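One structure below.
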Amino acid sequence: MSDVLHRLVEELSAGTLQVVDLTIPLGPDTVVIELPPMFAPSNGVSIEPISRYDDAGPAWYWNNLSFGEHTGTHFDAPIHWVTGAKQPNGTTDTIPPGRFVGPACVIDVEEAVAADSDFLLTPEGLAAWEALHGTVPRGAWVLLRTGWSRREGKEAFLNVADDGPHSPGFHQETSRILAEDRDVLGVGVETVGTDAGQAGAFDPPFPNHTTMHGAGKFGLASLCNLDQLPATGAVVIAAPLKIVDGSGSPLRVIALAPA
Ligand code: 23J
Ligand code: MN
């Protein structure tokens, strides 16, 4: 057995490493993104019992599920965005599985977001993090810790005003640096999508989706428990369902982290 896997098993068993669940529950109450009414909406979650130890199946319980690909804690594949439509291996069933695992860089902007729901991580903000924690390595998952997952209920989570939703995200140049210069796997956020709430009105619209997926990178949305991770030193595993030609999928995102 490889020494590193041997130690991984030992440290998980000893409790010096822990598995942190970065996933919110997937059920009828899961909050789904709401787009302007001219665009088609994504369905919420429905869970229909097939049988539950009853006449329909006396010894077994199981459900039929229905939901959009971009529901709850979910993965954005490159093909999700028009800029990524021609990326090789850009669908959930063709991404090489080695690209689901990477070191986590957790950027804590909770204080700034508490003061400004429209906070965007700028290149200067990224540089300040890198001055403290080192350059974001190639193949990293960059996770934006905003505290947003502590908002309970649809109203607080989507935070919609007369001029649309207000939630934090990335400045387009920050997305470009991460995708092109740092060559990350992708970014992860606590909000309903990887773009800021107001990003539909940015130029270009939804610049993080545009930039990340155009470069073949991924997104993770509706993460939680990022406050249980160190700034560096955790490993994130985010493997979407192998949906044929899929643009994304709900998934269980876990991190291996020092306890
Ligand atoms: C479709 C259109 C705009 C956005 C999104 C989906 C998402 O956030 C998503 O789940 O990928 S912003
Ligand atoms: Mn998505």
Consider segment 8-57. How many of its residues are charged (D, E, K, R), surrounded by 14 or more Cβ atoms within 10 Å (Cβ to Cβ) and free of Cβ contacts under 8 Å to residues at least 12 places away in the same chain? 1
Can you tell me which residue in segment 75-102 is farthest from ligand 2 (Cβ to nearest atom), limited to those that are part of a helix (DSSP H, G or I) and open to solvent by less than 50 Å² (accessible area, probe 1.4 Å)? Phe100
Out of all the residues in segment 79-105, which are touching a Pro at 6+ places or on another chain (Cβ under 9 Å), closer than 16 Å to Val184 by Cβ and of a type in the set (Val, Ile, Thr)? Ile95
Just one of the numbered conditions (1) of a type outside the set (A, V, I, L, M); (2) touching a Leu at 6+ places or on another chain (Cβ under 6 Å); (3) within 16 Å of ligand 2 (Cβ to nearest atom); (4) open to solvent by 50 Å² or more (accessible area, probe 1.4 Å) is not true of Glu69; which one? (2)
Within segment 154-166, is even one residue touching a residue at least 24 places away in the same chain (Cβ under 8 Å) and under 12 Å from the mean Cα position of the chain (by Cα)? no
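One line per residue, one yes/no per condition, for (1) of a type in the set (Gly, Ala, Ser); (2) more than 17 Å from the chain's Cα centre (by Cα):
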residue	(1), (2)
Ser51	yes, yes
Pro58	no, yes
Gly68	yes, no
His74	no, no
Ile79	no, no
Assess whether Gly219 counts as being crowded, with 22+ Cβ neighbours inside 10 Å, closer than 24 Å to Ile237 by Cβ, out of contact with any Phe, Trp or Tyr (no Cβ under 6 Å at 6 or more places or on another chain) and not basic (Lys, Arg). yes
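The values are calculated or read from the model by the stated rules, or taken from the named source; none is laboratory data. Model, not experiment: these values are computed from the prediction. No Cβ is skipped: glycine too gets one built from the backbone with ideal geometry, and neighbour counts run over all protein chains shown. Ligands, DNA and RNA are excluded from the accessible area calculation, which covers all protein heavy atoms including side chains. Shrake-Rupley method; radii C 1.70, N 1.55, O 1.52, S 1.80 Å.
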